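To keep things clear, I will list the structure first and then write my remarks on it.
Each value in this text was obtained by applying a stated rule to the coordinates, not by laboratory testing. Please read these numbers as outputs of a predicted model, since none were measured by experiment. Heads up, the Cβs are rebuilt from the backbone with ideal geometry, glycines too, and the neighbour counts pull from every protein chain shown.
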Amino acid sequence: MSNFTYAFLRLIPALFFFLPIVIFHPSYAATTNPTQLVLLVCRRTSDYAFCVESLYSDLHTSNAADAYQLAYVPFRLAYLNATATQHHIATLLKHSSSPGQSQRLRQCSRDYEKATSALERAFNDLDSETFFELADFAGVAAHSAADCQAASRGTYTSLAVMNENLKGLSEICNVVAKLFSAS
Ligand SMILES: *[C@@H]1O[C@H](CO)[C@@H](O)[C@H](O)[C@H]1NC(C)=O
């Protein structure tokens, strides 16, 4: 037997060992078999796959017993996303090469300022169980992302992706919030 064949044969038991770990890993199992609550929420969004994938990137999702508990997940994700984007914009601004570009980026920076502060307030509302403004805060975040996208005029691919993410996450926030705040 060549060394290569031998090495390959030795890998087979390893495969049998790792394959079940991959298949039965909680996040994999969850995204292919989401809870009723996640189904209910994600079916009301415009991008089901994005919604399920985003929610299950957080370990709390599989144990969320009701919409209120689940709501923390997309709001947290949206907040983290918005603050990360804010930092990204600051970096782009530092390396900006033209006044026009800087101006567009400053607009985005203001937009994301609005988004993060709205999402922060949403968190406080969740904690104090005052729900009536939650959907509005999600709306502000979505609007800010759209505003920045319009302002940056597609100059930055990275920023476009981030704007899309925030829009998508805000939509999930909006759907979840409506489940328990409208009543
Ligand atoms: C932002 O959201 C997207 C989509 O859920 C996710 O893939 C990405 O990791 C998030 N980024 C941060 C910094 O949270």
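Using Cα positions and a limit of under 17 Å, work out the aspartates and glutamates in reach of K178, with same-chain residues fewer than 8 apart set aside.
In chain and number order, the partners are D66, D125, D127, E129, E133, D136.
Under a Cβ-only charge scheme (Lys and Arg +1, Asp and Glu -1), can you give me the dipole magnitude of the stretch 35-182 about the Cα centre, in debye to the nearest 20? Could the numbers behind the result be given before it?
Details: 12 positive and 15 negative charges, 118 e Å.
Dipole magnitude for the stretch 35-182 comes out near 560 debye.
Exactly which trypsin sites (Lys or Arg not before Pro) in the stretch 79-183 are in a DSSP loop and have at most 12 other Cβ atoms within 10 Å? Kindly include the intermediate steps, with their values, before the conclusion.
On the way: sites: K94, R104, R106, R110, K114, R121, R153, K167, K178; in loops: R153.
Sparse-neighbourhood loop trypsin sites (Lys or Arg not before Pro): R153.
I need the phi-derived Karplus couplings for the stretch 67-74: 6.51 cos²θ - 1.76 cosθ + 1.60, θ = phi - 60°, integer Hz, Gly and Pro marked x.
Couplings: 4, 4, 5, 5, 4, 4, 5, x Hz.
How about K94: which lysines have a C-alpha closer than 23 Å to its C-alpha, ignoring those fewer than 8 places off in the same chain?
K94 reaches K114.
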